[in-house]
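Asks: For reference, the structure I am asking about is given below.
The values are calculated or read from the model by the stated rules, or taken from the named source; none is laboratory data. As the structure is a computational prediction, the values presented were derived from the model and not from experiment. For neighbour counting, all protein chains shown are included, and Cβ atoms are generated from backbone atoms with ideal geometry for every residue, glycine included.
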Amino acid sequence: MYNIHQMTDSEYFDAIIIGGSYAGLSAAMALGRALRNVLILDSGLPCNRQTPHSHNFITQDGEKPSIIAQKAKAQVLKYSTVKFLDALAVSGTNSHNGFKITTQTGESFKAKKLIFATGVKDIMPEIIGFAECWGISVIHCPYCHGYEVKGEKTGVLANGDFAFHYAQLIRNWTKELTIFTNGKSSMTAEQTDKITRHNIPIIEKEIAYLKHKNGAVEQIVFKDNSTFELKAIYSRPEFEQHCKIPETLGCEFTEQGLLKVDMFQKTNVKNVFACGDNVSPMRSISNAVSVGNIGGAMVNNALIEEEF
């Protein structure tokens, strides 16, 4: 940990990375190894904080996400030009000579480049028990969690195109699959016919709550007091950007609400880069690490081009 009192308001960094989870730390490692002066600001709220194990990340399969993050942080901070501060960035301004980022406690820091590795904030549906099960037995990604519940009685809590896509996808992991639309189905007749032909039931009853034990779902309880036993539920709740600063700086977003970047993690705003869950629907640690590494390298490349 870097003591904030060792930094002054006038200190000028090559880059400020907002978000110190997997993407941010990966970007910081690339920049630290390039001898760049970097400040990481992190609010300590990764979106997978309830998830007990990480999978589909080679060399780390089955490890706790928090352990991966702790190990990554320790390795990154061995590079003396990288500093880490537990702080929530709340505002940012752009001037002719760079950016100024202000934290919730009022400290301000300046940098030539910005990297937003701020992730997204999931908006939990109004179903009692959903939030407690999220990331544990209510899951979003079969590549991350599907193997552990293969062959089990599994639900898809979704409607419309999402429900149809999940039905196609999850059937590869289990044939014990049921779709719960939590109200009238909005799938097309063609989608419904395809799902029915694969013997996947569609239940349109409204859900009252999820019965669970320490986040492990046991039953869906409907508003008519009927129940359905299962072991896992796939769902993709709505989300919003964790950080509003990119919007105030003029960054563009996709139709899905993700920050729009090119293949080099550049946003439409000069000298502003982004990486991680805030730019990609592929929400996984391995993807965050990959795009973070690219983002860090591209920031260093931009600095080199300016300096040489």
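Asks: Select, from Thr102, Thr178, the only residue that is under 26 Å from Pro52 (Cβ atoms), out of contact with any helix residue (DSSP H, G or I) (no Cβ under 8 Å at 6 or more places or on another chain) and among the hydroxyl-bearing types (Ser, Thr, Tyr).
Replies: Criteria check complete, one pass: Thr178.
Asks: Restricting attention to the range 74-99, which residues are closer than 11 Å to Ala28 by Cα and buried (at least 19 other Cβ atoms within 10 Å of the Cβ)?
Replies: Across the range 74-99, the qualifying residues are Val76, Val82, Lys83, Phe84.
Asks: In addition: So for the range 123-145 (the condition being assigned by TED's automatic domain parsing to the domain that holds Gly44, aromatic (Phe, Trp, Tyr) and either out of contact with any helix residue (DSSP H, G or I) (no Cβ under 7 Å at 6 or more places or on another chain) or closer than 25 Å to Leu41 by Cβ (or both)), does at least one residue qualify?
Replies: no
Asks: Right, here's the next one. Looking only at the range 69-107, which residues are assigned to a strand (DSSP E or B) and aliphatic (A, V, I, L, M)?
Replies: Correct list: Val82, Leu85, Ala89, Val90, Ile101.
Asks: Moving on to the next point. Being touching a helix residue (DSSP H, G or I) at 6+ places or on another chain (Cβ under 9 Å) and within 25 Å of Lys175 (Cβ to Cβ) is the filter here, so list the residues in the range 216-250 that pass it.
Replies: Passing the criteria: Ala216, Val217, Lys231, Ala232, Ile233, Tyr234, Ser235, Arg236.
Asks: Can you name the number of the only condition in (1) closer than 30 Å to Asp14 by Cβ; (2) among the hydroxyl-bearing types (Ser, Thr, Tyr); (3) part of a strand (DSSP E or B) that Tyr234 fails?
Replies: Only one criterion in (1) closer than 30 Å to Asp14 by Cβ; (2) among the hydroxyl-bearing types (Ser, Thr, Tyr); (3) part of a strand (DSSP E or B) is unmet by Tyr234, namely (1).
Asks: Would you point out the residue of the range 165-215, among those that are part of a strand (DSSP E or B) and among the β-branched types (Val, Ile, Thr), that is farthest from Gly146 (Cα to Cα)?
Replies: Applying the filter and picking the extreme gives Ile207.
Asks: Which of the residues spanning the range 140-169 are among the β-branched types (Val, Ile, Thr) and out of contact with any Phe, Trp or Tyr (no Cβ under 6 Å at 6 or more places or on another chain)?
Replies: Residues satisfying the conditions are Val149, Thr154.
Asks: Could I ask something else about it? Out of the residues in the range 156-180 meeting the condition of being of a type in the set (S, T, N, Q) and touching a Gly at 6+ places or on another chain (Cβ under 9 Å), tell me which one is surrounded by the fewest Cβ atoms within 10 Å (Cβ to Cβ).
Replies: Selected residue: Asn172.
Asks: Pick from the range 108-124 the residues that are in a loop (DSSP other than H, G, I, E, B) and modelled with pLDDT of 95 or more: which of them is surrounded by the fewest Cβ atoms within 10 Å (Cβ to Cβ)?
Replies: Of everything passing the filter in the range 108-124, Thr118 is surrounded by the fewest Cβ atoms within 10 Å (Cβ to Cβ).
Asks: Also: Which of (1) at positive phi; (2) part of a helix (DSSP H, G or I) is the odd one out, the single condition Ser66 does not satisfy?
Replies: (1)
Yes/no matrix, rows are residues, columns are (1) modelled with pLDDT of 95 or more; (2) out of contact with any strand residue (DSSP E or B) (no Cβ under 7 Å at 6 or more places or on another chain):
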position	(1), (2)
Ala216	yes, yes
Ser226	yes, yes
Leu249	yes, no
Phe253	yes, no
Ile285	no, yes
Val299	yes, no
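Asks: While we're looking at this one, here's another question. Being in contact with a Cys (Cβ under 8 Å, 6 or more places away or on another chain), assigned by TED's automatic domain parsing to the domain that holds Gly295, of a type in the set (Ser, Thr, Tyr) and within 29 Å of Ile136 (Cβ to Cβ) narrows it down to one of Ser21, Ser43, Ser54, so name that one.
Replies: Testing whether each residue is in contact with a Cys (Cβ under 8 Å, 6 or more places away or on another chain), assigned by TED's automatic domain parsing to the domain that holds Gly295, of a type in the set (Ser, Thr, Tyr) and within 29 Å of Ile136 (Cβ to Cβ) leaves just Ser54.
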